Amino acid sequence: MRLGTTPQHTFTFPFETNIIQELKITYSQNKKIILEKHLADCEVGKNSVSYKLTQEETFLFTDNVNVELQARVLTTTGDVLASNIRIVTAERCLDREVLK
């Protein structure tokens, strides 16, 4: 993920999304939570959720440091599930200007 861009992230689940009551996607660097996304932030498909990060959100990360992200789900039956932790690198950008 390159800082200063608007990447789209997608989580695909082994179940239909209509059982999701609550969703939290957590981004962490150096064991500190940097950003969280919730179900209301996402476009929901049959088995997936996707969303875009803003330029401002990507600038929250420190460049050249791994970013860990994980989705946790509360289902309509009360079960709580968690994805594997994904790791991406926050790649640097030459300037910090938000383009409009």
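Condition first: closer than 18 Å to Ser83 by Cβ and basic (Lys, Arg). Now tell me which residues in the stretch 38-57 satisfy that. Walk me through it before giving the result.
Taking the stretch 38-57 first, the residues closer than 18 Å to Ser83 by Cβ are 38-39, 41-51, 53.
Residue satisfying the conditions is Lys46 alone.
What residue, of Glu36, Glu57, is without any contact (Cβ under 8 Å) to a residue 40 or more places away in the chain, part of a strand (DSSP E or B) and farther than 18 Å from Thr12 by Cβ? Spell out how you get there, then give the answer.
Working: Glu57 fails: part of a strand (DSSP E or B).
Only one candidate qualifies: Glu36.
Going through the stretch 83-100 one residue at a time, which ones are out of contact with any Leu (no Cβ under 6 Å at 6 or more places or on another chain), under 15 Å from Thr10 (Cα atoms) and open to solvent by 60 Å² or more (accessible area, probe 1.4 Å)?
Asn84, Ile85, Ile87, listed by residue number.
Conditions: (1) of a type outside the set (Phe, Trp, Tyr); (2) exposed (fewer than 13 other Cβ atoms within 10 Å of the Cβ); (3) assigned to a loop (DSSP other than H, G, I, E, B); (4) touching a Phe, Trp or Tyr at 6+ places or on another chain (Cβ under 8 Å). Gly4 meets all but one. Number of the miss?
(2)
Hey, Ile25 hits all of (1) open to solvent by 40 Å² or more (accessible area, probe 1.4 Å); (2) touching a residue at least 40 places away in the same chain (Cβ under 8 Å); (3) touching a Lys or Arg at 6+ places or on another chain (Cβ under 7 Å); (4) under 17 Å from Val88 (Cα atoms) but one; which does it fall short on?
Ile25 satisfies all of (1) open to solvent by 40 Å² or more (accessible area, probe 1.4 Å); (2) touching a residue at least 40 places away in the same chain (Cβ under 8 Å); (3) touching a Lys or Arg at 6+ places or on another chain (Cβ under 7 Å); (4) under 17 Å from Val88 (Cα atoms) except (1).
Just for the stretch 12-22: of the residues that are open to solvent by 70 Å² or more (accessible area, probe 1.4 Å) and in a strand (DSSP E or B), which one is farthest from Glu68 (Cα to Cα)?
Step one: of the stretch 12-22, the residues open to solvent by 70 Å² or more (accessible area, probe 1.4 Å) are 12, 14, 16, 18, 21-22.
Next, from what is left, pick out any that are in a strand (DSSP E or B): 12, 21-22.
Details: Thr12: 17, Gln21: 23, Glu22: 20 Å.
Across the stretch 12-22, the extreme among qualifying residues is Gln21.
Where residues in the stretch 35-81 are in contact with a Cys (Cβ under 7 Å, 6 or more places away or on another chain) and farther than 24 Å from Arg92 by Cβ, which of them is surrounded by the fewest Cβ atoms within 10 Å (Cβ to Cβ)? Even if it seems obvious, please write down each step before you answer.
We begin by selecting, within the stretch 35-81, every residue in contact with a Cys (Cβ under 7 Å, 6 or more places away or on another chain); these are 49-51.
Restricting the remaining residues to those that are farther than 24 Å from Arg92 by Cβ gives 49-50.
Values: Val49: 22, Ser50: 13.
Applying the filter and picking the extreme gives Ser50.
The values are calculated or read from the model by the stated rules, or taken from the named source; none is laboratory data. Just so it is clear, the structure is predicted and the values come from calculations on it, not from any experiment. No Cβ is skipped: glycine too gets one built from the backbone with ideal geometry, and neighbour counts run over all protein chains shown. To get the accessible areas, we keep the full protein, side chains included, count just its heavy atoms, and leave off ligands, DNA and RNA. Shrake-Rupley method; radii C 1.70, N 1.55, O 1.52, S 1.80 Å.
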